[in-house]
Amino acid sequence: MSKSNIVSHLKQKKISEVLSTGKRMDGRSFEDFRELTIKRNVLYKSEGSAEVWLGKTHVMVGVKVGTGTPFEDTPNEGVLMTNAEFTPIANAAWEPGPPNENSIELARVVDRGLRSAETLDTAELNIISGKLVNIVFVDLYILNYDGNLIDACSAGAIAALMGAKKPVYEVVGNEGKPTGEKVPLTVKKKPVAISVIKIGDKLILDPTADEEDVMDCRLTVTFDDDGHLCTMQKSGSEGLTLDEIKKCINMAQEKAPEIRAKAIGD
Amino acid sequence: MSKKTTTKKTATRKPARSKKAKTDSWKRADGRAFDELRTIKIESGVLPNADGSAYIEMGRNKILCGVFGPREMHPKHQARPNEAVLRCRYHMAPFSVDPRRSPAPSRRDQEISMVMRSALEPAVFLERYPRASIDVYVEVIEADGGTRCASINAAAVALVDAGIPMKDLVAACAVGKVEDKLIVDLGDYEDKKGQSDMPIAYMPKLGKVTLLQMDGIMSTEEAEKALDLAIEGCKKVYEIQREALKKKYGIDQPQDKPQKELQPEEPKEEPEEEPRKEEGSQ
């Protein structure tokens with residue numbers, strides 16, 4: 001995203017100048033998150049939902065539970081699918097059309113976090129082995145973009161899944177029929193993604209759109225409840241030294257419990 | 001008689017000892033040590049129509065990479081006024097995996113194309129070719145785990161083969177956790193059973209990691225160990241990449257005949273770049 005236009009070089013200069021004083025454009029410290037607000041079960045027709053505000057970043061996460069055939073190599077397990085939609089209302093530069101690489105990356109990083117941590121009990125989603133399983137769709141709908149979508153979406157996905165219910169099926173002969181009853185989905189783990197971006201020699205958390213626009217690169221690290229890493233993803237057209245990577249992991253690890261607590265919303 | 005028995009004893013002891021050694025060092029399914037790479041074969045300049053190309057065999061992975069450019073950007077509005085645009089396309093042949101896969105680009109393909117680009121970009125002097133595009137096309141002919149790393153290894157060699165000025169080579173290698181042990185360069189059979197997988201690309205001279213992904217579960221200590229192991233692996237790959245380039249261009253080789261025959265080709269490549277630059281800046 002950086003270097004996409006000439007103006008951002010000016011922006012980059014200003015942002016780096018302010019960073020060198022130990023502060024950021026909006027007065028936060030390097031490790032501060034903007035205000036994170038998550039509302040759960042805001043939608044009536046979806047099985048689970050969460051509305052996330054992270055500063056001006058606004059995301060709606062919807063969970064739908066449908067049915068389908070299982071994958072050949074896991075006939076007794078349900079399926080989790082994550083999809084991200086960059087709506088044209090979220091940013092002046094976003095156009096309608098097929099998903100671009102950024103939305104694919106967002107969906108896949110959140111998806112890998114949920115899968116790696118084994119968030120859902122996939123065996124519970126089995127209806128008829130090899131024939132019919134529940135498919136849990138997590139749709140990340142971006143309503144306003146102001147940076148740090150991965151963190152906002154991963155927290156939102158956990159919040160939405162925790163409040164989600166799945167329809168109960170009974171097997172009649174060779175077919176599964178919904179009984180009309182709904183039970184809560186089992187959420188075994190609550191992975192949260194924390195992104196660290198690098199601008200010059202500074203590492204900062206929760207970047208705004210402006211900061212993302214001028215960043216050198218980003219490292220997203222996902223942690224599960226036990227403090228284990230479950231996903232990493234580096235993006236952006238600069239390299240990171242080994243020391244920087246270790247620093248990023250530490251920064252993310254320290255922040256993860258705070259964000260998880262907000263996502264769970266005790 | 002007594003002599004015979006002693007020889008028998010030593011004969012039986014030997015395999016016993018090697019068995020013990022095996023359990024001590026925990027060999028993998030294919031007998032490799034934990035930090036041993038699969039056999040890597042890289043050949044550069046294999047595609048006659050590409051400006052630069054490379055073929056890599058990493059274990060049973062077979063991957064072809066072609067580089068086109070720097071050339072005029074099409075469509076024009078994607079060009080950047082201050083530098084070249086590096087475009088990558090990772091694509092798997094329908095017959096490269098079992099079962100057959102659709103030749104249409106999947107989400108995975110698009111993501112790999114993207115991370116490949118960010119892995120290679122830091123190594124290329126893009127500012128040398130404003131308004132131009134450099135296209136890197138990767139075709140996976142046969143896949144056997146670790147294709148994104150193998151693709152990056154081939155692409156780096158192909159970029160050099162295209163005569164594009166580079167800050168460093170990019171070498172890639174994966175580390176994974178199988179049965180709670182960290183191992184380097186996972187094959188398909190290990191990748192699917194493994195607990196986690198962490199592909200890394202590294203520029204050895206600049207000491208920078210340009211690709212870093214991970215899935216599965218790892219503790220922070222394991223992750224740090226894995227990083228170190230992967231970087232060691234990348235350094236080994238780097239040597240093989242250099243060998244492949246030396247083989248074609250004969251630089252640093254002991255004075256012998258093939259080198260003299262190959263050398264005159266080199267200056268030819270450079271003047272070719274200049275007119276292209278002009279074309280781009282019209």
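Of the candidates B:Ser102, B:Ser118, B:Ser106, B:Ser113, the single residue that is among the polar types (S, T, N, Q), surrounded by fewer than 23 Cβ atoms within 10 Å (Cβ to Cβ), in contact (Cβ under 8 Å) with a residue 60 or more places away in the chain and closer than 25 Å to A:Glu105 by Cα is B:Ser118.
Here is a list: B:Ser18, B:Ser2, B:Ser102. Which entry is modelled with pLDDT of 80 or more and hydroxyl-bearing (Ser, Thr, Tyr)?
Being modelled with pLDDT of 80 or more and hydroxyl-bearing (Ser, Thr, Tyr) holds for just one of B:Ser18, B:Ser2, B:Ser102, which is B:Ser102.
Counting the residues of region B:87-99 that are assigned to a loop (DSSP other than H, G, I, E, B) and either within 13 Å of chain A (Cβ to nearest Cβ) or among the aromatic types (Phe, Trp, Tyr) (or both) gives 4. When we screen B:Lys225, B:Lys236, B:Lys205, B:Lys246 for residues that are outside any helix (DSSP H, G or I), surrounded by fewer than 22 Cβ atoms within 10 Å (Cβ to Cβ) and modelled with pLDDT of 90 or more, the only hit is B:Lys205.
Quick grid of which residues meet (1) within 30 Å of A:Leu132 (Cα to Cα); (2) exposed (fewer than 15 other Cβ atoms within 10 Å of the Cβ):
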{"site": "A:Lys23", "(1), (2)": "no, yes"}
{"site": "A:Arg28", "(1), (2)": "no, no"}
{"site": "A:Thr57", "(1), (2)": "no, no"}
{"site": "A:Pro70", "(1), (2)": "yes, no"}
{"site": "A:Asn76", "(1), (2)": "yes, yes"}
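If the condition is being within 19 Å of the chain's Cα centre (by Cα) and of a type in the set (S, T, N, Q), then region A:93-142 contributes A:Asn100, A:Asn102, A:Ser103, A:Ser116, A:Thr119.
If you take the residues in region B:100-129 that are more than 8 Å from every other protein chain (Cβ to nearest Cβ) and among the β-branched types (Val, Ile, Thr), which one is farthest from B:Gly145 (Cα to Cα)? Step by step, filter region B:100-129, then rank; the result is B:Val124.
In the condition set (1) small (Gly, Ala, Ser); (2) closer than 21 Å to A:Lys56 by Cα; (3) in contact with a Ser or Thr (Cβ under 7 Å, 6 or more places away or on another chain), A:Ala92 is compliant with all but (3).
When region B:204-233 is filtered for residues that are of a type outside the set (Lys, Arg), more than 9 Å from chain A (Cβ to nearest Cβ) and out of contact with any strand residue (DSSP E or B) (no Cβ under 6 Å at 6 or more places or on another chain), the ones remaining, listed by number, are B:Pro204, B:Glu221, B:Glu232. In the set (1) surrounded by 20 or more Cβ atoms within 10 Å (Cβ to Cβ); (2) within 12 Å of chain A (Cβ to nearest Cβ); (3) hydrophobic (A, V, I, L, M, F, W, C), the condition left unmet by B:Cys149 is number (2). The residues of region B:153-197 that are more than 23 Å from B:Glu139 (Cα to Cα) and of a type in the set (Lys, Arg), listed by number, are B:Lys167, B:Lys177, B:Lys181, B:Lys193.
For region A:235-266, filtered to residues that are part of a loop (DSSP other than H, G, I, E, B) and within 14 Å of chain B (Cβ to nearest Cβ), the residue that is surrounded by the most Cβ atoms within 10 Å (Cβ to Cβ) is A:Gly239. Of the numbered conditions (1) at the interface with another protein chain (Cβ under 7 Å from one of its Cβ atoms); (2) in contact with a helix residue (DSSP H, G or I) (Cβ under 9 Å, 6 or more places away or on another chain), B:Ala201 fails exactly one; give the number of that condition. Among (1) at the interface with another protein chain (Cβ under 7 Å from one of its Cβ atoms); (2) in contact with a helix residue (DSSP H, G or I) (Cβ under 9 Å, 6 or more places away or on another chain), B:Ala201 violates only (1).
In region B:42-88, which residues are free of Cβ contacts under 8 Å to residues at least 24 places away in the same chain and more than 30 Å from A:His9 (Cα to Cα)?
B:Val46, B:Leu47, B:Pro48, B:Asn49, B:Glu57
Taken over region B:42-86, the criterion of being assigned to a strand (DSSP E or B), under 17 Å from the mean Cα position of the chain (by Cα) and not aliphatic (A, V, I, L, M) is satisfied by B:Glu43, B:Ser44, B:Gly52, B:Ser53, B:Tyr55, B:Glu57, B:Asn61, B:Lys62, B:Cys65, B:Gly66.
Please verify whether B:Gly163 is assigned to a loop (DSSP other than H, G, I, E, B), more than 10 Å from chain A (Cβ to nearest Cβ), closer than 30 Å to A:Ala117 by Cα and among the small types (Gly, Ala, Ser), treating the condition exactly as stated. It is false that B:Gly163 is assigned to a loop (DSSP other than H, G, I, E, B), more than 10 Å from chain A (Cβ to nearest Cβ), closer than 30 Å to A:Ala117 by Cα and among the small types (Gly, Ala, Ser). Scan region A:218-234 and give yes if some residue there is at the interface with chain B (Cβ under 7 Å from one of its Cβ atoms), over 16 Å from the mean Cα position of the chain (by Cα) and surrounded by fewer than 23 Cβ atoms within 10 Å (Cβ to Cβ), otherwise no. Yes, there is a match, as at least one residue in region A:218-234 is at the interface with chain B (Cβ under 7 Å from one of its Cβ atoms), over 16 Å from the mean Cα position of the chain (by Cα) and surrounded by fewer than 23 Cβ atoms within 10 Å (Cβ to Cβ). For A:Glu95, the requirement of being without any contact (Cβ under 8 Å) to a residue 12 or more places away in the chain, acidic (Asp, Glu) and within 14 Å of chain B (Cβ to nearest Cβ) is met.
Summed over region A:213-266, residues that are under 19 Å from B:Ile231 (Cβ atoms) and in contact with a Cys (Cβ under 6 Å, 6 or more places away or on another chain) total 2.
The values are calculated or read from the model by the stated rules, or taken from the named source; none is laboratory data. Every value quoted in this text rests on a predicted model; they were computed, and no experiment measured them. So basically every Cβ, Gly included, is an ideal-geometry build from the backbone, and we count neighbours across all protein chains shown.
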